[in-house]
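Enquirer: Before I ask anything, here is the structure I am working with.
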Amino acid sequence: MPQSAMLFLVLTRAGFDDIARRVDLGRASLYLNPGLLSEQDIARLRESGAAVHVMATPVNPAKPQEVQQALLLTRNELGSVWVEHGAPVSSTALDKVQRAEAPLVSTTPLRQRLARTAGVLATGVLRRLRAPESGRALMAVPYLGFGNAHRIWLKGRLLDDVAFREQNVADSGWANLVALYQRLESDEVADARVLAHFGGRTHEARTDDGGYFSFDIALDTPLAGGRHRVELEFPDNRPGGDALRTVAEVVVPAPTARFGIISDIDDTVLWTNVTNKLNMALMLARTNHHTRKPFKGVAGFYRALRDGASGTEDNPLFYVSSSPWHLYGPLVDFLKLQGIPLGPLLLRELSVRQMLKITEHGSHKLAQIERILDFYPDMQFVLIGDSGEQDPEIYTEVVRRHPGAVKMIYIRNVNPDPSRIDALDRLIEEVSATGTQLVLSPDSVFAASHAAAEGLIAVDRLSSVRSDKRDDEHAAPPKTGL
């Protein structure tokens, strides 16, 4: 279907008739309830150029869950999905319908309410199609950037008219699945101008095909440690006369920092069972940041590393993962909720169809780690990962390419396969020959004890790591059922 075609999920004849009066159906893709149109009507629509799909099972427009399930049928289509609703819809809906203001309980007959709602959505479509010059309703998503005294780097994304619902601990597995799908299928805005105002200067970039933009800015005057705000402006979006504006933040390590920490996320901080792609997908789909759980003791260990041996070092943390940028918000929320120190996240650009095809896992992580090292050539780093996939191999390659840049490597052992253990033993020997240690750790308490012995954290912080682990052990397991 061409990018300009309109996609509709039509559930009643009243809704279809209303849309047909307002929209050129020859340029539309229609998902219809069975029995809604006759075979002759469908044949005429197809002859006019419409793409018509009749669903296998009926969808009750008054039942949001059935509507949400039907929306999954449209996942291979391009563009926004416009949905006819016959009842108030839960905030987990995937559509972009323009909703009418209406009471939760109405005495209006269902047929009339359906027709009225369909009219509202059709009017909304026409309004968007007729007034592109007024600018689209966009949402800017800046990611936490980083820098040094002389240079900063930041990234973000521009999306078209998207609002993500705040998830909570009571959400069902279905609600979590819908929220995940909504994030993965967000509509990007390509080739849009982005202005970054910082330090009295303005820098310009454009969004790429995925809606992403980035800035690598050289500074005229030295920048102090701490958080700094960068004003972002999107001058092509002026729906009300003013350009869309937002603020990004960049982190510059404090002068007290003695080393940096670069950590994986999947199966290092957050349990995902990354060695089993199906189980990983089910976990991500059925839980949210309230119900996912960290590995036991991670929060206490990472806080101890941030504070260092003196307790006041303020060592910076960076998170590098093959998770898609679409999950940036939930991952940040997870870190905050679990009390795990925040830091820039460097994720991967993925579409929903590529999510489980992590064929370039190693090259992505290595490139992002080298980006960090390039900003801090005089800083040593502690690298933390797991044995599930390629973290030990990637970190060993970092040691090969950047002698002296790696202070310590901690690998959580999540793969007990004997052949994997043998491969790790060989990597441990290779890394040890350079003067760096690669430590295979069963849990955070073991890693923290080693770090204390090596002077990376204060010895008196071990009790807090043990306490943190006990708290995690007694926490309720995540709900994963639909």
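Enquirer: Could you tell me which residue of region 432-447 is nearest to ARG470 (Cα to Cα), considering only residues that are assigned to a loop (DSSP other than H, G, I, E, B) and touching a helix residue (DSSP H, G or I) at 6+ places or on another chain (Cβ under 8 Å)?
Expert: Here the residue is ASP443.
Enquirer: Among GLU429, GLU473, which is the only one that is part of a helix (DSSP H, G or I) and at pLDDT 95 or above?
Expert: GLU429
Enquirer: In this structure, does GLU389 turn out to be under 19 Å from LYS365 (Cβ atoms), within 30 Å of the chain's Cα centre (by Cα) and acidic (Asp, Glu)?
Expert: yes
Enquirer: Then there's this: Considering only region 15-40, state which residues are in a loop (DSSP other than H, G, I, E, B) and not hydrophobic (A, V, I, L, M, F, W, C).
Expert: Residues satisfying the conditions are ASP24, ASN33, PRO34, GLY35, SER38.
Enquirer: Another question, if that's okay. Could you list all residues from region 305-339 that are surrounded by 18 or more Cβ atoms within 10 Å (Cβ to Cβ) and in a strand (DSSP E or B)?
Expert: LEU317, PHE318, TYR319, VAL320, SER321, SER322, SER323
Enquirer: Output the strands (runs of 3 or more DSSP E) that fall wholly within region 206-270 and possess 1 or more residues being surrounded by 13 or more Cβ atoms within 10 Å (Cβ to Cβ) and basic (Lys, Arg), or say none.
Expert: 244-252
The rows are residues; the columns are (1) modelled with pLDDT of 95 or more; (2) within 26 Å of LYS155 (Cα to Cα).
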site	(1), (2)
ALA224	yes, yes
HIS228	yes, yes
PHE234	no, yes
ALA254	yes, yes
ILE261	yes, yes
PHE295	no, no
SER310	yes, no
LEU317	yes, yes
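Enquirer: Same structure, new question: Can you find a residue in region 63-83 that is of a type outside the set (Gly, Ala, Ser), at pLDDT 80 or above and in a helix (DSSP H, G or I)?
Expert: Among the residues of region 63-83, not one is of a type outside the set (Gly, Ala, Ser), at pLDDT 80 or above and in a helix (DSSP H, G or I), which makes the answer no.
Enquirer: Report every pair of residues separated by at least 6 positions or lying on different chains whose Cβ atoms are under 8 Å apart, first residue within region 448-461 and more than 17 Å from ILE409 (Cβ to Cβ) and in a loop (DSSP other than H, G, I, E, B), second modelled with pLDDT of 95 or more and of a type in the set (D, E, K, R).
Expert: ALA458/ASP307
Enquirer: Within region 361-384, which residues are of a type in the set (Lys, Arg) and surrounded by 16 or more Cβ atoms within 10 Å (Cβ to Cβ)?
Expert: Result: LYS365, single match.
Enquirer: Is it true that some residue in region 41-49 is closer than 30 Å to VAL189 by Cβ and either modelled with pLDDT under 85 or part of a loop (DSSP other than H, G, I, E, B) (or both)?
Expert: Taking every residue of region 41-49 in turn, at least one turns out to be closer than 30 Å to VAL189 by Cβ and either modelled with pLDDT under 85 or part of a loop (DSSP other than H, G, I, E, B) (or both).
The values are calculated or read from the model by the stated rules, or taken from the named source; none is laboratory data. Because the structure is predicted, anything quoted here is derived from the model rather than measured. Note: ideal-geometry Cβ built from the backbone for every residue, glycine included; neighbour counts use all protein chains shown.
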